[in-house]
1. Report the full-extension gain for the segment Thr24 to Asp275: residue separation times 0.36 nm, less the Cα-Cα distance, to one decimal in nm.
2. Residue separation times 0.36 nm, minus the C-alpha to C-alpha distance between Arg196 and His90: what's the value?
3. Modelling each spin label as a point 7 Å along the Cα-to-Cβ direction, I'd like the Glu225/Gln293 distance in nm, to one decimal.
4. Is the range 125-207 best put as rounded, prolate or oblate by its Cα gyration tensor, with a ≥ b ≥ c the root eigenvalues, rounded for a/c under 1.5, and otherwise prolate when a/b is larger than b/c, oblate when not?
5. Among Lys19/Lys195; Lys157/Lys195; Lys135/Lys324; Lys135/Lys202; Lys135/Lys288, which pairs are too far apart, with a Cα-Cα distance over 19 Å?
6. On average, how much accessible surface per residue is there in the range 228-349, in Å², for a 1.4 Å probe, leaving out ligands, DNA and RNA?
7. Before anything else, pin down the relative contact order of the range 228-349: Cα pairs under 8 Å, at least 6 apart, normalised by residue count, whole percent.
8. How much of the accessible area of the range 125-207, in percent, comes from carbon and sulfur atoms when a 1.4 Å probe is used?
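The values are calculated or read from the model by the stated rules, or taken from the named source; none is laboratory data. Note that the coordinates shown come from a computational prediction; the quantities given were computed from them, not determined experimentally. Methodologically, a virtual Cβ is constructed for each residue, glycine included, from the backbone with ideal geometry; neighbour enumeration extends over all protein chains shown. Accessible surface is based on the protein model in full, side chains and every heavy atom, while ligands, DNA and RNA are left aside. Shrake-Rupley method; radii C 1.70, N 1.55, O 1.52, S 1.80 Å.
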Amino acid sequence: GDGCGHTLLTPHSGTLSSKNYPGTYPNHTACRWRLRAPPGTSLLLAFGDPQSSPGPVPAPGPYCRNAGPAAPLLVTNSSTVTVLFNSTSHRSGRGLLLSYATSQHPAKQVGMGASLDPHPPRLVCFSVYCPAGCKDIDGDIWGNPSQGYRDTSVLCKAAVHAGVIADELGGQVMLSRQKGITLYESAFANGLHSKRGSLSEKRLIFHKGSHPAVSPLPACGDALEVAAFNASSWWHEVDALGQDRAWVAQRAALGTAGHSWAAEPGSEAAWLELDLGTRRNVTGIITKGSSEQYDYYVTSYRVSSSRDGKNWRPYRGSGGQEDKVFEGNADSHGEVSNAFIPPIVARYVR
């Protein structure tokens with residue numbers, strides 16, 4: 001219908017909203033979503049912007065503006081739910097924001113667009129299930145994966161930014177609350193911009209693995225060694241003084257002083273290849289432009305991998321049917337990181 005907004009539905013989790021959410025939804029519109037979970041499971045529905053304090057939910061609707069569900073979390077006894085959104089005449093209203101997960105993913109909560117509970121229980125480490133589709137919900141995040149996020153950040157959106165879950169699938173998130181810091185630096189990662197933020201009392205730290213105490217999110221010190229670089233071509237520049245400068249593949253290593261790698265001008269389907277020396281588990285990539293004399297950077301790219309350097313497999317992400325296009329840099333100075341979920345196991349990355 002013409003009342004549908006942001007929608008991402010998968011068999012195990014998803015997020016949906018009315019048109020223009022959180023802005024005013026249109027008059028006289030309708031939308032219908034059909035949620036289907038695997039047989040034998042039940043659906044857990046989490047509503048954004050609950051209008052009243054938590055309490056038991058007597059029936060699954062209907063709910064009207066200013067009289068939403070009494071509890072932000074509705075536990076159903078069905079694996080199939082139909083959600084209907086209908087609007088009449090109005091001047092303002094935020095409309096509907098709803099996320100869901102299945103009973104296969106019991107957790108402390110089904111993560112929504114809200115920030116972390118300002119009065120959480122006395123547990124430093126905890127687990128949250130984040131549904132698919134949190135990347136495009138309303139709300140801000142402050143910080144980055146290496147230093148953590150302000151506790152006022154939208155939790156599941158920050159998890160996508162940190163690269164611990166894929167937005168297309170969602171998933172279980174392990175995190176801890178730690179002492180806040182004076183300044184949270186902004187970053188662009190996994191298609192999301194975070195903001196530069198000031199001091200907060202607590203911060204969120206995301207972890208990979210079964211327990212935060214033993215599996216912190218890897219820092220940049222865990223960068224993989226590259227044994228050799230190769231490229232489809234490189235630019236042999238001759239400057240105004242007639243001096244030659246080669247923008248060869250070896251200059252593509254992050255942190256190299258001076259100019260970077262650049263393909264031959266005008267070349268199509270250019271590629272850069274990294275030989276890791278042996279088969280490795282690759283969980284992400286960081287890219288940066290070349291600000292040396294020229295404002296050069298790559299705005300988007302695809303990734304392929306190989307175990308023998310001959311047979312190449314395009315990266316398609318979490319169950320995707322098409323090659324994934326990663327969002328790259330918007331300038332030649334900043335670093336942009338993208339996570340591989342699931343990771344790439346290969347010796348060669350192109």
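1. Details: separation 251, 0.36 × 251 = 90.36 nm, distance 5.17 nm.
Full extension from Thr24 to Asp275 adds 85.2 nm.
2. Details: separation 106, 0.36 × 106 = 38.16 nm, distance 3.68 nm.
Working it through step by step, the gained length comes to 34.5 nm.
3. 3.2
4. Working: a/c = 2.00, a/b = 1.33, b/c = 1.50.
Oblate.
5. Numbers: Lys19/Lys195 26 Å; Lys157/Lys195 13 Å; Lys135/Lys324 16 Å; Lys135/Lys202 23 Å; Lys135/Lys288 23 Å.
Lys19/Lys195; Lys135/Lys202; Lys135/Lys288, as the Cα separations exceed 19 Å there.
6. On the way: 7270 Å² over 122 residues.
I get 60 Å² per residue for the range 228-349.
7. Values: 247 pairs, mean separation 33.2, N = 122.
Once divided by the residue count of the range 228-349, the mean separation gives 27 percent.
8. Details: 1410 of 2980 Å².
Ligands and nucleic acids excluded, carbon and sulfur give 47 percent.
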